[in-house]
Structures are given as C-alpha cells and as structure tokens.
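The values are calculated or read from the model by the stated rules, or taken from the named source; none is laboratory data. This structure is a prediction, so every number in the text was calculated from the model and none was measured. Neighbour counts run over all protein chains shown; Cβ positions are idealised from the backbone, glycine included. Ligands, DNA and RNA are stripped out before the accessible areas are found, and what is left, the full protein with its side chains, is counted by its heavy atoms. Shrake-Rupley method; radii C 1.70, N 1.55, O 1.52, S 1.80 Å.
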Amino acid sequence: MKVKMVMAILALFLFATAGLAAAQDTTKTTHKKTRTLAGCLQKGDDANEYLLTTAKGSTWEIKSDSLKLGDHVGHKVAVTGVVSNAKMHGMKQDAKTEAKEHGVATHSTEHGHMTVTNLTMVSESCQK
C-alpha cells in the first residue's frame, strides 16, 4: 500500500512539474524578461544609449553597463539582455495587438528598452 501511495505522489509531482514547464514555454515573446534580438545598431540621443532596429522594424533603446556598444555602431548585431519593465512592456504589446484586431490604427512595430548583457556582431554592415 505504501508503495502505491509513494508512486501516486511521485506521478502527481511529475505531472505538476511537466505542466509548469509547459506553461513557462508558452510565455509570449513580448512578455519575456530576458530577450535576444538582432538588428542594426545606431547611436541614440543620450550619451550612453543606442538604438537597435530589427528586420521587422521593431526599435529598442538599449544600453549596457558592461559592454562597449559604441564599438558596434553601424554593425548588424545580436544582443541579449533584460527588458526594462517587462510586464508593462508585454501588456503594452497586448493592447496594441488587441486594438489592431478591433480595427484601431496603431504603430504596429514593437518598441522597448533593454539593458544588454551580451553582444555578438553578425555583420560589419547593416546592409543586406
């Protein structure tokens, strides 16, 4: 009897863990706290801020406390970092999607702020 009870508890635990993992995997990209983006890096308006424009037209104001982003201005790069106010960012993107579904005109491309922790140069030029 004890073996059956232990097996039942173990099975329940495994199903709960699998369900949690599946729920985490279904998080919308726009809601993730850590993101990886690729695009063209340009100088921003502020001294330590840069602008990353993706192939789909999304724009990200990025900064880094540990990387020299200025060395890659004009390059196509892939960056990984932490989205500022990720929860609010996701809610804003959801609102834009919902408005678009109801026929309300919005600026449809994503815009956000990110603190970059990793950068990889993809190309020395932003040209295709």
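What trypsin sites (Lys or Arg not before Pro) does the range 41-76 have in DSSP loop regions with at most 13 other beta carbons within 10 Å? Please list the in-between numbers first.
Details: sites: K43, K56, K63, K68, K76; in loops: K56, K68.
The qualifying sites are K56, K68.
Could you sort D71, D45 by their accessible area in this structure, using a 1.4 Å probe and putting the largest first? Provide the component values of the computation, followed by the final result.
Values: D71 100, D45 160 Å².
Descending accessible area places them as D45, D71.
Starting from 0.36 nm per residue, how many nanometres of slack lie between K33 and T54 once their C-alpha separation is accounted for? Can you show the working numbers first?
On the way: separation 21, 0.36 × 21 = 7.56 nm, distance 1.81 nm.
Full extension from K33 to T54 adds 5.8 nm.
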